[in-house]
Amino acid sequence: MTDYFRSVQAAVSFAAEAPTKADLFAGQHLFVGLNCFEPGQAQRIHTHAGADKFYLVLSGKASMVVGEELREVGEGTVVWAPADVPHGVAEVSEQTVMLVAIAPPPGKVSRSPAR
């Protein structure tokens, strides 16, 4: 049996003390996972050098930042964070599950040597 299929529902978990993450797939060129948040939780603003990322809100509502923009997002919203652009979850207003994908995966970005 292959590992090509995963149940999102089986990977969902929540914790009162901090957001939870579940790795679904980690390939050579793409990472896919879940971020699960309780109300009031957040994800710090961060960047991924040389890697694009998207969030697909599967359930819930949150305020998200990409670059200088702050938007409230809900179920069915896709959020795009291009490489090197600051992004994160400012605050979650209800229990929220997001599918996230990063390409290339963290740690797989190759950089040209500094000159």
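What label, among (i) 47, 27, 24; (ii) 103, 38, 24; (iii) 47, 45, 26, belongs to Cα extents along the principal axes in Å computed from the structure on display? Computing Cα extents along the principal axes in Å and matching it to (i) 47, 27, 24; (ii) 103, 38, 24; (iii) 47, 45, 26 gives (iii). Accessible surface computed residue by residue for the chain, with neighbouring protein chains in place and a 1.4 Å probe, gives 62 Å² per residue. Entry note, segment 7-110: relative contact order of 35 percent, from Cα contacts under 8 Å with a spacing of 6+ residues. Modelled spin-label separation between Arg6 and His46, with each label point placed 7 Å from Cα along the Cα-to-Cβ direction: 1.6 nm. Across the accessible surface of the chain, with the other protein chains kept in place and a 1.4 Å probe, carbon and sulfur atoms take up 53 percent. Exposure here means at most 15 other Cβ atoms within 10 Å; with GluC sites (Glu not before Pro) in a DSSP loop as sites, the longest stretch of the chain lacking them is 18-67. With helices as the sole contributors, the chain gives -500 deg cm²/dmol at 222 nm; each DSSP H run of n ≥ 4 counts as -39500 (n - 2.57), and the sum is divided by every residue.
What whole number of Å gives the distance from the Cα centroid of segment 4-25 to the Cα centroid of segment 83-106? About 14 Å separates the Cα centre of segment 83-106 from the one of segment 4-25.
The values are calculated or read from the model by the stated rules, or taken from the named source; none is laboratory data. Note that the structure is a prediction, hence the values are computed from the model and not measured. Neighbour counts run over all protein chains shown; Cβ positions are idealised from the backbone, glycine included. The protein model used for the area step is the full one, side chains on, heavy atoms only, and it has no ligands, DNA or RNA in it. Shrake-Rupley method; radii C 1.70, N 1.55, O 1.52, S 1.80 Å.
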